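> Sharing a structure here in structure tokens format.
Throughout, read-outs are computed from the coordinates displayed, never taken from laboratory work. In this text, all values refer to a predicted model and were calculated from it rather than measured experimentally. Cβ coordinates were reconstructed from backbone atoms using ideal geometry, including for glycine residues, and neighbour counts include every protein chain displayed.
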Amino acid sequence: MPFGITQKINKFKLKEMNQIKTKVKIFIFLFVLAQISYCQSKNQKNVLPAKKTNIVFIAIDDMNTWISAMGGQAKTPNIDKLASEGKLFANAHCVVPACNPSRVAILTGLRPETTGQFTNPGNFRDKPGNADLVTLPKYLKDLGYESIGIGKIFHKQAGKGEIADPQSDPQSWSFQYKNDIGTKGHQALLDENNQAKWLEGAMYKEGMDIEKPEYLTKFGVWGVTPEKKEETADWENAAYSAEYLSQAHEKPFFLSVGFMRPHSPQIAPQEFFDMYPLENVVIPELPEDDMDDIPQIAKRNFTSEFVEQVKAKNQIQKATQGYLASMSFVDACVGKVLEGIENGPNKDNTIIVLWSDHGWQLAHKNRWEKFSLWTQSTHAPLVIKYPNMKNRGITSNQAVSLLDLFPTVLDLSGIEKPDFLEGTSLKPLLEDTNYVREEPILITYEEGNISAHKNEWNLIQYVNGEEEFYNNLKDPHEFNNIINEAGNEEIKNELRASILELKK
Ligand SMILES: [Ca+2]
Ligand SMILES: [Ca+2]
């Protein structure tokens, strides 16, 4: 047999062998796929509903309730419009008043007592039992949704690097938009020690803990970025979202976009500072004796010294201006996203959820940022709008938690809720304006410090048993701790019982 023919036969046999191998591989793949699908359907008891609804999940970082729809001095026309077309939850609170654990709770539907993520450091995936936790975007992705992550949703954005930041939880998404977040320009407002210039070296010289340099770099900085709105990363993320939303897509989508402002540094384009002439900026009410009725455990934290500097150097009005300008800037970014929905084919089949990961204290109780159980720190705007919604524009004052978002989104999408979720769907509150929610909501700040809210009440119980109690209707700034006043025993005991239940 000529060599050529043998070679041809061998080639033929080789091809046949390869085809068989490929078929075996396909068979194994399909078999494994079937097993996975079976397991998923078994675990999730679920399939996509016939009528597919898209979801847009807008995350804002450190935005408190100073939006105009909630009576604040910030000009936020886009969020206000959304609130008028949907429902504003005016008594919504984070699960934890810190970025990372707040977001982990929202996106896993689990409390920090379950995930172990109580504070900012670390990736929740690295804690025992969390490696395979199913997040909201992952849950939807596994059901056939396209889960799109843009900006800061988990603790970190994907970033521009080839590999997405692990703390953006890449496994949750079908696609992540590779970009930064926020605005640039804070460097120009820092001195040679990377400290805000207005501090004039004060904290650096006066014993600021170098191991905890929160206010030695970009924090405590407010001012104008040289960037135009369109050049900022937050705006780019809004524009990318708008572009995606203005198009038709084969699969239903869960698009989440997270903006960094008004988180520190409060740097925004000039046009947003122009909205707040300094002399018109109203500074927060800060009674001198506010701390007199606070338990020792809560009197100071690592930001208190910083607040003393802000006051001493007469910076409160400028800081407030920076915060307000940053709020209006992020509101414009929200407007861009909403425009994408409004002008596209997804207008009538998209659920919109807008939330901030917690509130913000601007010198309130000698604190900066969040990291406390006072309402100023935990209270966050929450707006929900969905197709064929009734009762539009009616505000709810019942206490709700951002823990409730995972089950709410599934409920509104017609998807069965898995058993593991620890929040409660807001659907009854959305559909029935007379619905009364019985259970208090619970907030945890560092393990064992818990606050319980119901209607106007906030009861704080620290890990050492000390308590505070406030009536947010009569005293929205929580100036008067009424824990030792007689009366209201029934509600106090109800809130205490719910805290005890969580600690079990
Ligand atoms: Ca935050
Ligand atoms: Ca007080």
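> Of 95, 202, 450, whose Cα points farthest to the positive end of the dipole of the chain (charges on the beta-carbon: +1 Lys, Arg; -1 Asp, Glu; origin at the Cα centre)?
The residue sitting most towards the positive pole is 95.
> Taking Cα atoms, how many degrees apart are the long axis of helix 233-245 and the longest axis of the chain, rounded to 10 and kept between 0 and 90?
Here the helix axis deviates by roughly 50 degrees.
> Let me ask you something else. What length, rounded to one decimal in nm, is gained on full extension from residue 297 through to residue 390, with 0.36 nm per residue of separation minus their alpha-carbon distance? Don't skip to the answer; put the middle values down first.
On the way: separation 93, 0.36 × 93 = 33.48 nm, distance 4.56 nm.
That works out to 28.9 nm of additional length.
> In percent, how large is the relative contact order of the chain, given Cα pairs closer than 8 Å and 6 or more residues apart?
Details: 992 pairs, mean separation 116.9, N = 504.
Relative contact order for the chain comes out at 23 percent.
> Is there a pair in 141/370; 197/229; 313/365; 299/492 whose C-alpha atoms are over 29 Å apart, and which pairs would that be?
Values: 141/370 32 Å; 197/229 24 Å; 313/365 18 Å; 299/492 22 Å.
Over 29 Å apart, Cα to Cα: 141/370.
> Which of 356, 434, 235 sits closest to the plus end of the dipole of the chain, meaning its Cα is farthest towards the positive end, when Lys and Arg get +1 and Asp and Glu get -1 on the C-beta?
Result: 235.
> What number does the range 272-354 give for Rg over Rh if you use C-alpha atoms and the Kirkwood radius?
Details: Rg = 19.5 Å, Rh = 16.4 Å.
Ratio of gyration radius to Kirkwood radius: 1.19.
> Quick one: of 51/178; 127/504; 81/311, which pairs are farther than 24 Å apart, Cα to Cα? List each step's numbers first, then the result.
Values: 51/178 31 Å; 127/504 21 Å; 81/311 35 Å.
Cα-Cα > 24 Å for 51/178; 81/311; rest within.
> Here's a follow-up. Sticking with the crude label model, points 7 Å out along Cα→Cβ, report the distance from residue 163 to residue 188 in nm, one decimal please.
Taking the two extended label points, one gets 3.6 nm.
> Once amide H atoms are placed 1.01 Å from N in the peptide plane, what residues at a sequence separation of 5 or more from residue 401, or on another chain, have their amide H within under 5 Å of its amide H?
Sorted by chain and number, the residues that satisfy this are 93.
> Once the cut-off is 17 Å, how many percent of the Cα-Cα pairs in the range 380-436 end up in the long-distance tail? Please report the intermediate quantities before stating the final value.
Working: 585 of 1596 pairs.
Of all Cα-Cα pairs in the range 380-436, 37 percent lie more than 17 Å apart.
> To continue, here is another question. For the chain, what does the helix formula give at 222 nm: sum of -39500 (n - 2.57) over DSSP H segments with n ≥ 4, over the residue count, nearest 500 deg cm²/dmol? Working shown, then result.
Working: 14 runs with 161 residues, N = 504.
Helices in the chain give a 222 nm mean residue ellipticity of -10000 deg cm²/dmol.
> Now, a different point. Taking the Cα centre of the range 307-372 as the origin, how large is its charge dipole in debye, to the nearest 20, when only Lys and Arg (+1) and Asp and Glu (-1) carry charge on their Cβ atoms?
On the way: 8 positive and 7 negative charges, 98 e Å.
Dipole of the range 307-372, to the nearest 20 debye: 480 debye.
> Against the longest alpha carbon principal axis of the chain, how many degrees, from 0 to 90 and to the nearest 10, is the axis of helix 3-44 turned?
Once rounded, the angle reads 40 degrees.
> How many angstrom separate the Cα center of the range 440-471 from the Cα center of the range 333-399?
Result: 22 Å between the Cα centres.
> Okay, moving on. Please identify the GluC sites (Glu not before Pro) of the range 223-285 that satisfy two criteria: DSSP loop assignment and at most 16 other Cβ atoms within 10 Å. Which are they? Don't jump to the answer; show the numbers that get you there.
Working: sites: 227, 230, 231, 236, 243, 250, 271, 279, 285; in loops: 227, 250, 285.
Filter output for the range 223-285: 250, 285.
> Would you mind checking the range 324-342 for residues with the amide N under 15 Å from a putative spin-label position 7 Å along Cα→C-beta of residue 81?
329-342
> Using the alpha carbon gyration tensor of the chain, what are the three equivalent-ellipsoid semi-axes (square root of 5 times each eigenvalue), largest first, in whole Å?
43, 28, 23
> Separation between the residue 50 and residue 285 pseudo-spin-labels, each 7 Å from Cα along Cα→Cβ, expressed in nm?
Label-label distance for residue 50 and residue 285, simple model: 5.6 nm.
> About its Cα centre, how strong a charge dipole does the chain have in debye, to the nearest 20, once Lys and Arg get +1 and Asp and Glu get -1 at the Cβ? Walk me through the numbers before you get to the answer.
Values: 55 positive and 67 negative charges, 638 e Å.
Dipole about the Cα centre, nearest 20: 3060 debye.
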